[in-house]
1. Look through Val68, Val39, Val72, Val28 and report the one residue that is in a helix (DSSP H, G or I), within 16 Å of the ligand (Cβ to nearest atom) and out of contact with any Pro (no Cβ under 7 Å at 6 or more places or on another chain).
2. If we scan the stretch 320-331, do we find a residue that is under 27 Å from Val182 (Cβ atoms), among the charged types (D, E, K, R) and within 16 Å of the ligand (Cβ to nearest atom)?
3. Identify all residues within the stretch 55-85 that are without any contact (Cβ under 8 Å) to a residue 60 or more places away in the chain and hydroxyl-bearing (Ser, Thr, Tyr); write none if there are none.
4. I'd like the residue in the stretch 29-48 that is among the hydroxyl-bearing types (Ser, Thr, Tyr) and over 16 Å from the mean Cα position of the chain (by Cα) and, out of all such residues, is farthest from His295 (Cα to Cα).
5. Being surrounded by fewer than 21 Cβ atoms within 10 Å (Cβ to Cβ) and either on the phi > 0 side of the Ramachandran plot or within 16 Å of the ligand (Cβ to nearest atom) (or both) is the filter here, so list the residues in the stretch 52-65 that pass it.
6. Select from the stretch 52-64 the residues that are assigned to a loop (DSSP other than H, G, I, E, B) and touching an Asp or Glu at 6+ places or on another chain (Cβ under 9 Å) and write down the one among them that is farthest from Ser178 (Cα to Cα).
7. Which condition from (1) touching an Asp or Glu at 6+ places or on another chain (Cβ under 9 Å); (2) buried (at least 20 other Cβ atoms within 10 Å of the Cβ) is the one that Val305 breaks?
Amino acid sequence: MPAIVSTIDQLDPGRGRVCDLFAGSGTVSLALSKARPVVAADIQEYSRVLCSALLVPPQIPPGMQHGVAARVRELTSSHDLRQALDPLISYEMECLDRAEGGQMEPLCELIEESPVLLFQSRAAGRAPSALHRAFHESVARLDRGCMLDTPISTFARQFGGVYFSYLQAVQLDLLLNSIHEVPEPLRDIFLAAALSAGSEIVNTVGKQFAQPIRPRRKDGSTKHHLIEQILRDRRRDCLDTYEAWLDRFAHHPRPSHASAAVRGDYRTVLKSLRDVALVYADPPYTRDHYSRYYHVLETMCFREVPEVSTVRVANRLIPSRGVYRQGRHQSPFCIKSQVNGAFEELFRGVQELGVPLVLSYSPQAKVEGSRPRLLTLPEICSMAAAHFRDVRLLSPGPMAHNKLNHAAMNAGLAHEAEVLITCLP
Ligand SMILES: C[S@@+](CC[C@H](N)C(=O)[O-])C[C@H]1O[C@@H](n2cnc3c(N)ncnc32)[C@H](O)[C@@H]1O
């Protein structure tokens, strides 16, 4: 971060407006916004919400900061959704207690047979078990309360048992239902706190949303080493976590510059920019599509009933294990046949603005087993040189990316995990 900020300060000592074109979590935008106005842009809505809460924080009206959580706490015991999911919530609590006592089997079954959406797509006539009775009863209650296929129960039906405990999923639904009643733009700060809480309590290895936890190995044996994390994550109080995050967002120092957060494709954003002094770009650099890591956050932001991607098993379409949204954004930076064109458009777009570009890129790590990058640094630099007078490579020193805890995917420790390419018009 210091290397990015000081490079930008050197290239634009006048502290003009910077566009962070692939803003993601908003951490770079936030650091830059301390000294200059920032336009934070990204294709994902969750990023716009986070950046809006960080860069353009509203004044929360008195009483409202704790009002939303207090209301949801009240509703947690009485709401029809809580009542409908009660059979699954109680059964899961029993499973967690039994797992704590060393009996993991029922909990493994609950995780593998969830979510409710998967149960609904299965053929009838399976051997009845305590778990299936709980599913059956919860679905019947949802149906009686007209809560199937409505956004108010999206988390309970799609993510309960998979990414969150059933109780957490219901609380997230109730929280999101209340937050989505708050008018824009005030809503963003509440939603940002919910996004952060969801990311903190999610029960996956590595705290991402790309792959649900797998409690058993391929040979069927249970992964006992995961039990502590499963118990800890699934017993986290969702509302306490949310309130702590809202407090953090509400107490962030207020930016002294007029910044903005927008959602959009980088090509459209580049065309719409006015009065920027510099563009900072941190595009994706591997084949892994970012949107798979953020689908749950997008569903939190859009509050609809998303179409879920499916797989065919025994001639039946069932929800994919990760319960991903359909129609997720596939970035051209992650597609071999499109990546050259994507960089071309980035360079051309910034060239047309006539301002410097600072590009972050993670070069191919020279470590066996690391994820291949789509382009090499010489390839990127020579493309940039066709659009800019002066192209330089800066190496801010040894760094290591967050490994997403997936040893097989990102083996070893890559030094020089990130370089900066400065391009002057
Ligand atoms: C390497 S990450 C950026 C991380 C960011 N610098 C941070 O501090 O969190 C790349 C980002 O590019 C975004 N992205 C991918 N394709 C895009 C496109 N076509 N237009 C705009 N943003 C895009 C992704 O959503 C992702 O957030």
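1. Val28
2. Yes, that holds for at least one residue.
3. Ser77, Ser78
4. Per the criteria, the residue is Ser33.
5. The answer is Gly63, and nothing else.
6. Top of the filtered list is Val56.
7. Of everything listed in (1) touching an Asp or Glu at 6+ places or on another chain (Cβ under 9 Å); (2) buried (at least 20 other Cβ atoms within 10 Å of the Cβ), Val305 misses just condition (2).
Residues are listed down the side, and each one gets a yes or a no for (1) within 13 Å of the ligand (Cβ to nearest atom); (2) not in a loop (DSSP other than H, G, I, E, B):
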residue: Arg15; (1), (2): no, no
residue: Ala23; (1), (2): yes, no
residue: Tyr46; (1), (2): yes, yes
residue: Leu50; (1), (2): yes, yes
residue: Thr76; (1), (2): no, yes
residue: Arg82; (1), (2): no, yes
residue: Glu92; (1), (2): no, yes
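The values are calculated or read from the model by the stated rules, or taken from the named source; none is laboratory data. Computed from a predicted model, the values in this text were never measured in an experiment. Reconstructed Cβ throughout: ideal geometry from the backbone, glycine too, with neighbour counts over all protein chains shown.
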